[in-house]
Every structure is written in structure tokens, then in C-alpha cells.
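One structure below.
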Amino acid sequence: MENMSTASDVLAPRYPLARASGDCASNWDASKKRRVNPEDQPGQGGAGPGTLSLRPYQSLAVQNLRRALAGGIVREMLCSPTGSGKTEIGMALVRGARSKGKRVVFLCNRVHLVEQTARRFKKAGIDHGVIQGENTTRVYESVLVGSIQTIARRGMPAVDLIIIDEAHTVAGSKEYRAVIAAAKGIPVIGLSATPYARGLGKHYDELGGPLFEHMTVAATIPDLIEAGYLVDCDVYAPSEPDMTGIKQARNAFGDIDYTDTDVGRAANKPELVGDIVTHWLRLARGTPTVCFAANIAHSKHIVERFHVAGVSAEHIDCYTDEEERRAILARVETGETMVISNVGILAEGWDFPACRTLILARPTRSLIRYIQMAGRVLRPHASKERALILDHSGSVTRLGFPTEEFPLELDDGTPRDAKGGQEKRETPLPKACPSCSYVKTVHKCPVCGFEPERRANVDVRAGDLVQVAKKSKAPKMEKQDFYSQLLRVASSKNYKPGWVANKYREYFGVWPHGMEDVIAHEVSPQVSGFLMHLQIRNAKAKGDKHAGA
């Protein structure tokens, strides 16, 4: 390939790698447990200008990226979890290229990420220019930090290497794809903690191959927790909104997710918002907290309820003035503000290691959105041993723990059904303890000790007859009354007609026959209690298929 010689030379490093470089040439050993405070790590947030010392997995990732480009790969994805120091890896790549006299552009998809990257580069002593709207400056520099929106409008400057931050957004961005196609073989390295977006490995004729051809994995979340570079988390799932009938559509990442309008309607209810504050006061009082809400109105509602409870809380969104945003985040970092609530503006690029508690109030089916939100509290800090997640969205029981090992392969855009559907999980999805709401994968709750009664396993072999005890037959009047109350619940919740028949059968053991479609005036405590029992027993095990009312 024409670009092989260029690509192999672009990243040749002339900066000191961390630890002994010989140790990094082999697979990184994550078994050496340590507790890392980011402020104590050179080049990881506490370094002086001009210094950059990489952790072992970061150093190995840089070497593997160089090998991939030297082997003829043009568009390479780097997977490195939230909190692992992707920007440090990016800066190492920049310095390696600059030391060879090459020109580099570092692309971001949000204005605040451009500003944040520019600050990090300045702190590390990397001279750079900025290409971002009216803030464009020093475009003659050999290192440029750019907004993809601005560059898509003005055109790509002459560069030898393109680095893309939050590269999982590339597949859903016509701007990114157009810029890459126009780059004509210039090496591209994408950085992402969540390279799960649909189509990241899809073939494009204008590119002459896949969007990203290969993926280098710097480390996984379990690796980094084991080594002490991230912290593990405890999860409680006290409540969740009823998502029955909520519309779903493909989001910017290519994931099927709940639509923003409908998810707000389901989540922004007084009883659910009140439950968020109540459980925070019980489980997380006094801890720095970030909350992800369904929409702006929901986020502001949550903040109002925290104020009523005497807790300092603030809301932030994409419309917040930049100066005000900095002031709000500064108050969060000093502890003046205890809870910061938002919709999604803090899901990418916000680094506050002392943040211990995450409130998930935005239901999602998107693994990318979920992991990005959870990553806000997994960074280590001297003030915490573990993070705490309060899941009021059903996401953990729907998608699994955010600290799990997730499949790492670039999606080629093939419809899921054509691949035989999603892969079966090796481990069961977690469930919330019916007693204390702690989310677990074991039968006995490790927090409160509650142990649900196990169902008897009956082995029926061919030829064996098993006697079944016959239930006493309920009077028809009682059945009609129960049926009518189910109709009342279904009507108020907009459930499908089949819901009533299924709940009737679960209670009486037979399908409803001869019942009249008469809606009851009210629902008795007996029926409400039965539905609540089903919700506790089944909802957590069935993901987003909620059984109760």
C-alpha cells in the first residue's frame, strides 16, 4: 500500500515509555493489584508541563498501534475503558508523530471536548493550534485540536495523522465519514471506551474497505479494576419506571433505544423522582453524585426534589452558558454542590475521580450510553474504595453490570437477525434483592442475607406419572371481580389485551372463559398485592418485560 511507509514512521516514539519497555513488549499483566490515585500518577493528571509517563497497558497500546499501522492498517480503533487515560495515549501518539516531523490533528465532536483537550495538551507542554468556529487560532502549528463540525465545513488541513476522540460516534456521523474519505489514505486512529456502535466495521466503497479495519484493545474494565486503575462498584436497584409501550428507535450509535420523548414521559413522575431522593438519603448521603436523567425537565425536577430535602444540587445541560457550566462544575469539585444532574452532557469527557455515586434515572437499552454513564464513577480516588450506583432505570438488570467483560469486535453493520441474534451471555443477568434492592448474581444476598425460597425442581421422565394436587375451584363471581380489576389496571396503564388474560391465568391457573368485559371502579389491595408480588418475582429476571402495574 502507498501509505505503509508513511504509517509505519508516523508514530515512531522519541519519548520515554513507562516502566521497563521490555515488560511492555509482552502481554500486560493485570494481576499485580494496586490502588491508584490519579493525582499521584505522572502524566495522568498530576504531571508538570512537558512530562508524560505511561502506565504499562498504555505503553503496550501505543506499541501495538504502531505495529498495526506498520502492517498496512490505515484506520485503526483503540478500545480503552473510561478512566483508563485515552487522552494520555493520544498525547503519546501526538508526541511520537511530532518527533518525526509529522503533523497531527486531534478531532472532537463536542465544543467542550475541544476545550478540554486543548487544556490537557497545554498542561502537558504540547504546543498546538485550535480549529473550532470563532475560537480558531494558531492553525500553523504541527499539532491541531479540531472540531469535526468546523473541519467538515472548512476542509481538512494538510496532516499526516488523524486521531479521533470518542470514535464510537464516527459510524453515525456523515461528517466524520466524509472527512475520513477525503483523507485519501492518511492514517486514522479512533479512541473509544465503547466501540460497540453499529457499523464501525462496515465496508464503504468510498473508503475501499471497512470504516475501521482493526481494533487494538488497551485493557478491559475487569483488567483495570484488578490492577487498581479503576474501582469496582456496588449497585442498588430500588425502583424503575414502567416502560410498557414506550417507543424504541435507532439512536446516533446505531443502538435500538427508548426514544427521548417517551422515556421522559415514563420516568418523570413524582413518585419515581421522590424515590430517587429517598434512596440517595438512605444509601449515599454526603457523597459526590452525578445523576443522568431522561430529559431536561426530568433533570430539573430531580434537582428540585433534592433542594426540598435540603441537599445542594444543580442542573446542567447543553444550553448552559460555558462560563456558568465551569462555575457549576467547580462547585461540584469543591463539594459546595453535592449532586450534579444532567441528561447526557457529562457522559463523555467529564473527569471528576472523587465522584462516588451515580444515579441512573434514564432508562436505556444502549450499551454505549450505559457504559459511558457508569464510567463517571469508576475512576479511583483516595476518598473511595468502591463506587455506588443507584439504578432507578432498570438498566443493570437489562444490560448487566457495567464492570463486566463485554464482547470486543467491530460491528460490520450486518443486521442482528442475520447473525443469529445477539450472543448468549456466559453469566446470568443480575437481579435486585427483593429485601434490600442490592443487585447481585448469587442466590443469597451478600448485603442483607435474604435468601429467596428456591422452587422445587421436578424431573419428569418418560413413563413416569406425577400426581398434581388440584386447586379448589374459585367461584365465578370471584373470578369476574378479579378479571374486572385487571381490566381497570390494563386500562389505566394502556396494557395490551393479552396482559389481562396472562395475569388471570397466573392467579387462577386457567385462561379466562365466559368473563364479561366490565371494568371495575377500583383495584383492591388483594389484586394490587398480587401484581406487586409478580413484579418483584419476575421483572428483574426478565429485563425490560415488566409484569406488574
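So here's what we get for this one:
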{"quantity": "Percentage relative contact order, segment 212-278, counting C-alpha pairs under 8 Å, at least six apart", "calculated": "24"}
{"quantity": "For segment 116-231, share of DSSP beta bridges that run antiparallel, in % to the nearest 5", "calculated": "35"}
{"quantity": "Kirkwood Rh in Å, taken over all unlike Cα pairs in segment 123-231", "calculated": "15.7"}
{"quantity": "Segment 160-219 - Rg over Rh from alpha carbon coordinates, Kirkwood radius", "calculated": "0.92"}
{"quantity": "Chain lengthening between Ala158 and Thr137 when straightened (0.36 nm per residue, less Cα-Cα)", "calculated": "6.0 nm"}
{"quantity": "Residue exposure sequence - Met91, Met373 - by fewest surrounding Cβ within 10 Å", "calculated": "Met91, Met373"}
{"quantity": "Inter-label distance for Thr278 and His307, nm, one decimal - labels placed 7 Å from Cα along Cα-to-Cβ", "calculated": "2.3"}
{"quantity": "Inter-label distance, nm, simple model (7 Å from Cα along the C-beta direction), Trp511/Cys436", "calculated": "4.4"}
{"quantity": "Ranked packing of 432-438, 516-522, most packed first, by mean Cβ within 10 Å", "calculated": "432-438, 516-522"}
{"quantity": "Computed E for Gln248/His533 - FRET, C-beta separation, R0 25 angstrom, nearest 0.05", "calculated": "0.35"}
{"quantity": "Rh (Kirkwood; distinct C-alpha pairs) - segment 476-539, Å", "calculated": "11.8"}
{"quantity": "Overall Cα dimensions of segment 167-299, principal axis frame, Å, largest first", "calculated": "56, 41, 21"}
{"quantity": "With eigenvalues of the C-alpha gyration tensor scaled by 5 and rooted, segment 99-182, Å", "calculated": "19, 14, 12"}
{"quantity": "Measure of compaction for segment 79-123 (Cα Rg per 2.2 N^0.38 Å)", "calculated": "1.20"}
{"quantity": "Rounded to whole Å, sorted largest first: equivalent-ellipsoid semi-axes of segment 195-236, Cα gyration tensor", "calculated": "34, 13, 5"}
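Readers should treat all values here as calculations from the given coordinates under stated rules, not as data from a laboratory. Nothing here was measured: the structure is a model prediction, and the numbers come from that model. Glycine also receives a Cβ, built like all others from the backbone with ideal geometry; neighbour counts cover every protein chain displayed.
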